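**Student:** Below is one structure. I have some questions about it.
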Amino acid sequence: QVQLVESGGGLVQPGGSLTLSCTASGIRFSIYAVGWYRQAPGKQRELVAVVISGGTTNYADSVKGRFTISRDNAKNTVYLQMNSLKPEDTAVYYCNMRRLPTNYWGQGTQVTVSS
(Lines give C-alpha, C1' and ligand atoms only; values in the text may rest on other atoms or scores of the structure.)
Protein backbone atom coordinates (compact mmCIF):
# COMPACT_ATOMS: atom_id res chain seq x y z
CA GLN A 1 0.00 0.00 0.00
CA VAL A 2 1.39 3.37 -1.04
CA GLN A 3 1.49 6.12 1.58
CA LEU A 4 2.71 9.69 1.33
CA VAL A 5 3.06 11.50 4.65
CA GLU A 6 3.64 15.23 4.67
CA SER A 7 4.92 17.34 7.54
CA GLY A 8 6.33 20.78 8.24
CA GLY A 9 3.36 23.04 7.66
CA GLY A 10 2.29 25.74 10.06
CA LEU A 11 1.86 29.44 10.69
CA VAL A 12 4.65 31.79 9.68
CA GLN A 13 5.00 35.55 9.35
CA PRO A 14 5.50 37.20 5.96
CA GLY A 15 9.14 36.97 4.98
CA GLY A 16 9.64 33.83 7.01
CA SER A 17 10.63 30.32 6.00
CA LEU A 18 9.26 26.81 6.26
CA THR A 19 10.42 23.43 5.04
CA LEU A 20 7.89 20.80 4.03
CA SER A 21 8.75 17.10 3.93
CA CYS A 22 6.98 14.20 2.28
CA THR A 23 8.05 10.63 2.98
CA ALA A 24 6.78 7.79 0.84
CA SER A 25 6.38 4.12 1.65
CA GLY A 26 5.27 1.13 -0.36
CA ILE A 27 6.64 2.54 -3.59
CA ARG A 28 9.83 2.53 -5.65
CA PHE A 29 10.46 6.19 -4.90
CA SER A 30 13.46 6.79 -7.13
CA ILE A 31 11.66 6.18 -10.44
CA TYR A 32 8.84 8.64 -9.79
CA ALA A 33 8.52 12.33 -10.53
CA VAL A 34 7.77 13.99 -7.21
CA GLY A 35 6.12 17.33 -6.77
CA TRP A 36 4.34 19.76 -4.53
CA TYR A 37 0.98 21.28 -5.36
CA ARG A 38 -1.10 23.74 -3.39
CA GLN A 39 -4.72 24.72 -3.15
CA ALA A 40 -5.95 27.96 -1.63
CA PRO A 41 -9.58 28.42 -0.59
CA GLY A 42 -11.80 28.94 -3.61
CA LYS A 43 -8.99 28.22 -6.06
CA GLN A 44 -7.90 25.27 -8.15
CA ARG A 45 -5.00 23.10 -7.13
CA GLU A 46 -1.81 24.32 -8.80
CA LEU A 47 1.67 22.98 -9.33
CA VAL A 48 4.31 24.57 -7.11
CA ALA A 49 7.41 22.56 -7.98
CA VAL A 50 8.40 19.17 -9.34
CA VAL A 51 11.60 17.12 -9.50
CA ILE A 52 11.82 14.21 -11.90
CA SER A 53 13.73 11.00 -11.32
CA GLY A 54 16.82 12.39 -13.08
CA GLY A 55 16.90 15.45 -10.83
CA THR A 56 15.58 18.11 -13.20
CA THR A 57 13.35 20.62 -11.44
CA ASN A 58 10.54 22.89 -12.53
CA TYR A 59 8.84 25.69 -10.60
CA ALA A 60 5.77 27.83 -10.87
CA ASP A 61 6.70 31.39 -11.82
CA SER A 62 5.20 32.66 -8.57
CA VAL A 63 7.73 30.76 -6.44
CA LYS A 64 10.88 30.87 -8.56
CA GLY A 65 13.81 32.19 -6.58
CA ARG A 66 12.01 31.65 -3.26
CA PHE A 67 11.23 27.92 -3.11
CA THR A 68 13.58 24.97 -3.62
CA ILE A 69 12.50 21.39 -4.18
CA SER A 70 14.87 18.51 -3.51
CA ARG A 71 14.70 14.76 -3.11
CA ASP A 72 16.59 12.17 -1.10
CA ASN A 73 16.03 8.81 -2.74
CA ALA A 74 17.79 7.00 0.09
CA LYS A 75 15.17 8.33 2.51
CA ASN A 76 12.20 8.19 0.12
CA THR A 77 11.65 11.84 0.92
CA VAL A 78 11.04 15.04 -1.00
CA TYR A 79 11.49 18.48 0.53
CA LEU A 80 10.19 21.93 -0.26
CA GLN A 81 12.25 24.74 1.23
CA MET A 82 10.14 27.89 1.22
CA ASN A 83 11.76 31.25 1.83
CA SER A 84 10.49 34.82 1.70
CA LEU A 85 6.96 33.59 2.23
CA LYS A 86 4.08 35.83 1.25
CA PRO A 87 0.43 35.86 2.37
CA GLU A 88 -0.52 34.63 -1.09
CA ASP A 89 1.45 31.44 -0.42
CA THR A 90 -1.21 30.48 2.11
CA ALA A 91 -2.73 27.15 1.03
CA VAL A 92 -2.91 23.46 1.70
CA TYR A 93 0.22 21.91 0.21
CA TYR A 94 0.02 18.42 -1.25
CA CYS A 95 2.80 16.01 -2.10
CA ASN A 96 2.39 14.15 -5.40
CA MET A 97 4.17 11.20 -6.98
CA ARG A 98 3.58 10.42 -10.62
CA ARG A 99 4.71 7.84 -13.10
CA LEU A 100 1.99 7.35 -15.64
CA PRO A 101 -0.43 5.73 -15.36
CA THR A 102 0.00 5.85 -11.56
CA ASN A 103 -0.51 9.02 -9.56
CA TYR A 104 -0.44 9.32 -5.76
CA TRP A 105 -1.32 12.16 -3.37
CA GLY A 106 -0.55 12.92 0.23
CA GLN A 107 -3.17 14.15 2.68
CA GLY A 108 -1.99 17.75 2.60
CA THR A 109 -0.43 20.11 5.11
CA GLN A 110 -1.63 23.64 5.86
CA VAL A 111 0.71 26.58 5.35
CA THR A 112 -0.53 29.93 6.63
CA VAL A 113 1.45 33.13 6.07
CA SER A 114 0.11 35.90 8.24
CA SER A 115 1.22 38.55 10.67
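**Student:** Using modelled amide H (1.01 Å from N, peptide plane; none on Pro or chain starts), what sits under 5 Å from the amide H of T90, excluding residues fewer than 5 places away?
**Tutor:** V113
**Student:** ³J(HN,Hα) across the range 68-79 via Karplus (A = 6.51, B = -1.76, C = 1.60, θ = phi - 60°), whole Hz, x for Gly/Pro?
**Tutor:** With coefficients 6.51, -1.76 and 1.60, one gets 9, 9, 8, 9, 10, 5, 5, 9, 6, 10, 10, 10 Hz.
**Student:** Name the long-range amide H neighbours of G108: under 5 Å, sequence gap of 5 or more, or other chain; modelled H, no Pro or chain starts.
**Tutor:** Close amide H contacts, sequence-distant or interchain: E6, C95.
**Student:** Once you have the Cα-Cα distance between Q39 and R99, take 0.36 nm times their residue separation minus that, and quote the gain in nm to one decimal.
**Tutor:** Working: separation 60, 0.36 × 60 = 21.60 nm, distance 2.17 nm.
Stretched fully, the Q39-R99 segment lengthens by 19.4 nm.
**Student:** If you don't mind, another one. Using the Karplus curve 6.51 cos²θ - 1.76 cosθ + 1.60 with θ = phi - 60°, what ³J(HN,Hα) values do you get for each residue of the range 104-109, in whole Hz, with x for Gly and Pro?
**Tutor:** 10, 10, x, 7, x, 9
**Student:** Which of I69, I27, I52 moves most in a GNM of the chain, Cα contacts under 10 Å?
**Tutor:** Maximum fluctuation in the GNM of the chain, among the listed residues, is at I27.
**Student:** OK, next. Per-residue HN-Hα couplings for the range 57-67, Karplus 6.51 cos²θ - 1.76 cosθ + 1.60 at θ = phi - 60°, whole Hz, x for Gly and Pro?
**Tutor:** 10, 9, 10, 5, 4, 5, 10, 4, x, 10, 10
**Student:** Could I have the simple spin-label model distance between T68 and S115, label points 7 Å from Cα toward Cβ, reported in nm to one decimal?
**Tutor:** Taking the two extended label points, one gets 2.7 nm.
**Student:** Go ahead and run the numbers for FRET between D61 and N83, Cβ-Cβ distance against an R0 of 25 Å, rounding to 0.05.
**Tutor:** Numbers: r = 16 Å, r/R0 = 0.64.
That pair, D61 with N83, gives E of 0.95.
**Student:** Now a separate question. Might you tell me the accessible area per residue for the chain, computed with a 1.4 Å probe and given in Å²?
**Tutor:** Value for the chain: 53 Å² per residue.
**Student:** Can you give me the solvent accessible area of K43 with a 1.4 Å probe, rounded to the nearest 10 Å²?
**Tutor:** Roll a 1.4 Å probe over it and K43 shows about 140 Å².
**Student:** Separate question: Could you put R71, R38 in order of accessible surface area, largest first, with the 1.4 Å probe and the full protein assembly present?
**Tutor:** Largest accessible area first, the residues go R71, R38.
**Student:** For the chain, what mean projected area does the convex hull of the alpha carbons give, in nm²?
**Tutor:** Values: hull surface 27.3 nm².
Result: a mean projected hull area of 6.8 nm².
**Student:** Now, a different point. What does the accessible area of V5 come to, in Å² to the nearest 10, when a probe of 1.4 Å is used?
**Tutor:** Taking all protein chains as shown, V5 has close to 80 Å².
The values are calculated or read from the model by the stated rules, or taken from the named source; none is laboratory data. Computed from a predicted structure; not experimentally measured. Note: ideal-geometry Cβ built from the backbone for every residue, glycine included; neighbour counts use all protein chains shown. For accessibility, only protein heavy atoms count, side chains too; no ligands or nucleic acids. Shrake-Rupley method; radii C 1.70, N 1.55, O 1.52, S 1.80 Å.
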